[in-house]
C-alpha cells in the first residue's frame with residue numbers, strides 16, 4: 001500500500017505542490033503502477049489536513065503533466081504506460097524492405113509489440129505550399145495523399161499522412177489502401193526510384209482536440225511532430241510524411257559518425 005508523507009509547513013513550496021511532488025515521485029519510482037487508483041479526494045483531505053481545493057490543485061498539476069487521468073465517477077488513476085517505440089536511425093534501411101517490412105513493422109519486431117494500422121484513407125489533392133516546397137514542385141501540383149493511424153498492442157501511438165507526387169504513384173499500389181510488402185518505399189523502389197537519404201525535422205507541442213481524439217490521449221500529454229522527406233538517388237524528393245506521435249510512446253535514437 002502507498003505510504004504518503006506529510007506536508008512541511010516550513011517550506012516555501014505550497015501544500016498543493018508538495019502533494020503533487022509526493023505522487024510524482026511515487027509514480028516515477030513505480031510505487032504507484034499504471035492504471036492504479038489514487039486515494040480519493042476525501043482520503044487525501046483527511047490525510048494531509050488541507051482544503052479540497054488544495055487537493056484538486058495538486059491532482060490538476062499531475063493531470064497537466066500527463067501522469068494521471070481522471071475518470072468521472074470512478075476516481076483518478078495513474079496513466080497507462082504506452083509501449084515505447086525506439087525510433088532508431090536505421091529504421092528505413094533497405095534490408096527491412098527486402099524482408100517485406102515497412103519501418104513500423106520492423107520496429108515492432110525489435111521492440112516486441114503487436115503492430116497494426118487502421119483508418120487508412122487514400123485520396124488525391126493539390127499540394128499545399130509547404131508540401132510542394134519540400135517536394136520541389138510547383139504549388140498546387142497534384143499529389144496522392146495517404147493518411148493512416150498506427151497502433152501498438154491495440155493502443156494508438158501515431159498518425160501519419162504521406163504526400164507522393166501523383167506522377168510517381170499513379171497506377172501503382174501506392175494508391176491502394178494496402179501497398180503490399182515493404183510499404184510505400186518498396187513500391188517507389190520497384191518503380192526505379194531507389195532511395196538514397198531521408199531528412200527529418202522534429203518538434204513538439206500539445207495536441208489539437210482532433211489529435212487528442214484520434215490518438216486517444218488525455219489532457220497534458222504532448223505530441224512529437226516529425227516531418228520526413230525521402231529522396232531518391234537522383235536527388236528527387238519522392239515523399240513527404242507528416243507524423244504526429246504520442247510523445248511518451250517514443251524514444252528517438254540517432255547515431256552519428258564523429259567525422
Gain on full stretching of the segment that runs from residue 140 to residue 110 - 0.36 nm per residue minus C-alpha separation:
6.8 nm
Inter-site label distance for residue 233 and residue 191 at 7 Å from Cα along Cβ, in nm
1.8
Relative contact order of the stretch 15-78, pairs being alpha-carbon contacts under 8 Å that are 6 or more residues apart, as %
44
In what sequence, highest mean first, do 159-169, 204-214 appear when ranked by Cβ atoms within 10 angstrom?
159-169, 204-214
Rg(Cα) of the stretch 66-203 divided by 2.2 N^0.38 Å?
1.24
Per the helix-only calculation at 222 nm, which mean residue ellipticity applies to the chain, given -39500 (n - 2.57) for every DSSP H run of n ≥ 4 and division by its residues, nearest 500 deg cm²/dmol?
-8000 deg cm²/dmol
Suppose the chain between residue 118 and residue 252 were pulled fully straight at 0.36 nm per residue; how much longer would it get relative to their current alpha carbon spacing?
45.9 nm
Label-point gap, in nm, between residue 219 and residue 125 - each point 7 angstrom along Cα→Cβ:
3.0
Where Rh is the Kirkwood radius over the Cα pairs of the stretch 1-71, the temperature 25 °C and the viscosity 0.890 mPa s, what D in µm²/s does Stokes-Einstein return?
199
I'd like the distance separating the alpha-carbon centroids of the stretch 189-221 and the stretch 116-157, in whole Å.
10
Computed over the stretch 85-252, the relative contact order (Cα-Cα under 8 Å, seq sep at least six) in percent reads 23
Calculate, in nm to one decimal, what residue 170 and residue 46 gain on full extension: separation in residues at 0.36 nm each, minus their alpha carbon distance.
37.9 nm
Roughly what would the spin-label model give for residue 30 and residue 99, points 7 Å off Cα along C-beta, in nm?
2.8
Give the angle, between 0 and 90 degrees and rounded to the nearest 10, that separates the Cα long axis of helix 15-28 from the longest principal axis of the Cα atoms of the chain.
50
If the convex hull is drawn through the Cα atoms of the stretch 1-147, its volume per residue in Å³:
225
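Taken together, the values in this text are just the output of simple stated rules run on the coordinates, not laboratory data. Worth saying up front: this structure is predicted, and the values here are computed from it rather than measured. Glycine gets a Cβ as well: all are built from the backbone with ideal geometry, and neighbour counts include every protein chain shown.
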